[in-house]
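Structure record follows, encoded as structure tokens.
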Amino acid sequence: MTHLDVRFFDGQSSRPHAARLRVEEDALVIEPAAGEDFAPLVLARGDVRWPERTRHGGRIAQLPRGASVQALDVPAWDAWTAGLGHRDGWVVRAQQSWRGVLIAFVVLIAAAAAMYQWTLPWAARGMTALVPQRADALIGAQVLASLDDSLLLPSTLPAQDQARIREGFARMVRMAHPDDAPPWKLEFRRARDERLGPNALALPGGAIVLTDELVRLLPDNDDAVLGVLGHEFGHVRLRHAMRQLVQASAVGIVASAAFGDYGTLITSAPVLLATLGYSRDAEREADVESLRLMRIAGIPPRAMADFFEAIEQWQEARRGDQGGETDFLGLAFSSHPATAERIAFFRDASTP
């Protein structure tokens, strides 16, 4: 086939012209068909942007200055361009193959999973450093107020018990971090909903909430309570709550860091933090901090293993009473049931 019938658009108007394409050496010639009066157009073949071949759809080649030619007969177009030596690239060939599409889909899913598993947490660490500490304090106050309205009640723990635990925790933090302890404040509360039960949670800005139910879970065992508080202090020191919030709001936090507007993040924080949970890595980091504080304070790490076992027994009892799984606040300590690995971590740390 020496020529190809097409529609020609000159880039000046939307009216199509009947035309024919032919090739002379390295030039593409566009000639008017019968009844058309435009001047023939001669273009270097390198100036023509040939379309990728698709299984369905038309063919439109882009010309300089907004002009274009459109196929009248797609199979004829493909045969004519093939005769000119045009060959599909590997991307086009893959698009035409169900195997290629399947492979691309699998690669996309794997890439997305890798980004979620590794890239996003890594990026969240860097973005968290861009968030000023005042944002942590504002978000923490907002979250605590929201929890007081929905899940928590004033503590009924005796004042002397609160003072003893507060003083013991303050002493433990001072011993481990005499000069570099982040701001923290211990808040005692009672669970409004029995599903919350024995819990402790660390909020952005340094507030650590401890429920009466947790203190009463192991009576006369302040060592275990202090170990739990050491774990939550690890979350505070490493800004895990803010990191999780950043990770869940990655796009918004980038905009906030760029424009200095944290209003949306602060407003949505209570809802987001109530549904988030720490990653396994964050829990391990907090456990390491708890172990460090306990050792410096002379508290046997075995106390934390006892606490994990007590939590597991409480959860089993709850499941038996309710006939199913229990629900917990996302950032609460009990939302991360004790695993054999974590129990073994503290138990082994107690071994001389």
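What to note about this one:
- The distance linking region 1-78 with region 204-229 is 77 Å (Cα centroid to Cα centroid, whole angstrom).
- Stretching the chain fully between Gln62 and Asp37 yields a gain of 6.9 nm (0.36 nm per residue, less the alpha carbon separation).
- Quarter of the Cα convex hull surface for region 1-63, i.e. its orientation-mean projected area (nm²): 5.1 nm²
- Between Leu28 and Leu43, Ala44, Arg45, the built amide H atoms are under 5 Å apart, and every one of these is 5 or more places off in sequence or on another chain.
- For Arg216, Arg59, the sequence from fewest to most other C-beta atoms within 10 Å is Arg216, Arg59.
- Rg of the Cα atoms in region 138-242, relative to 2.2 N^0.38 Å, amounts to 1.02.
- The ranking of Thr81, Thr54 by Cβ neighbour count inside 10 Å, starting from the fewest, reads Thr54, Thr81.
- From least to most packed, judged by other beta carbons within 10 angstrom and beginning with the fewest, Leu217, Leu226 follow the order Leu217, Leu226.
- Modelled FRET efficiency - R0 56 Å, Arg49 with Arg284, Cβ distances, 0.05 increments: 0.55
- The simple Förster model, with R0 at 41 Å and r as the Cβ-Cβ distance, assigns Arg166 and Leu102 a FRET efficiency of 0.10.
Readers should treat all values here as calculations from the given coordinates under stated rules, not as data from a laboratory. This is a predicted model, so every value here is computed, not measured. Cβ coordinates were reconstructed from backbone atoms using ideal geometry, including for glycine residues, and neighbour counts include every protein chain displayed.
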